[in-house]
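Down below is the structure, laid out as structure tokens.
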């Protein structure tokens, strides 16, 4: 039985997170700490912070979301990009860990009180890549399992609400990472679909899917 890349990512993330829960030194070494990047060139923190989480609830929520979308987008990448699809899926996930944090880094590189952790930005990238390839699928909520919102409606709502929360500030959630991770995931699929001449036209696919949804 072949284990999916998504499950492998989840296993690694859970293992590292559980280890860090019981080891403050590991948590401190892996967490995203902008001054350490700016002053000590610890660029690896852009990636390592995505494999640690604040607590079990934080870890569980991210991994459930990743599992919900990951296998589907992994299969979609194989269909769209062919034999290299799985590798591109890994590249998207890993690079999104860093890309989603660039605005956070620019804003907080001299903020010695700022720290960030979690896979939320990369999970948002996976989710929005999925929205591009399947814009009419229903997306539900953990606490409202019987309520499904079409992806083409959920996506803009997510971006608007996340952008508002990021601008408002406050709290312990890095909404900026969610926002930029989501945009990066969607852009990754769109740009590569055209650049690699896959025959998959995201915009035509979106329009046709929405038209069929309302028929």
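If the chain linking residue 213 and residue 44 were pulled fully straight, counting 0.36 nm for each residue of separation and taking away their Cα-Cα distance, it would gain 56.5 nm. For the chain, averaging the sequence separation of C-alpha pairs within contact (under 8 Å, six or more residues apart) and dividing by the residue count gives a relative contact order of 22 percent.
When each of the peptides 121-133, 154-166 is scored by the mean number of other C-beta atoms lying within 10 Å of its residues, the order from highest to lowest reads 121-133, 154-166. A crude spin-label estimate for the pair residue 167 and residue 197, with each label 7 Å from Cα along the Cβ direction, gives 4.2 nm.
Spin-label model, residue 79/residue 107: points 7 Å from Cα along the beta carbon direction are separated by 3.6 nm. Rounded to two decimals, the Cα-based Rg/Rh of the chain, with Kirkwood Rh, is 0.98.
Figure legend: label point modelled 7 angstrom from the Cα of residue 19 along Cα→Cβ; no residues of the stretch 62-95 have amide N under 13 Å from it.
Considering only 97, 66, 88, the Gaussian network model of the chain with Cα springs below 10 Å gives its largest mean-square fluctuation to 88. For the stretch 25-41 versus the stretch 150-186, the inter-centroid distance based on Cα atoms is 25 Å.
FYI, it's all coordinate maths here, none of it is from the lab. Keep in mind the model is a prediction, meaning the values are calculated, not measured. Neighbour counts run over all protein chains shown; Cβ positions are idealised from the backbone, glycine included.
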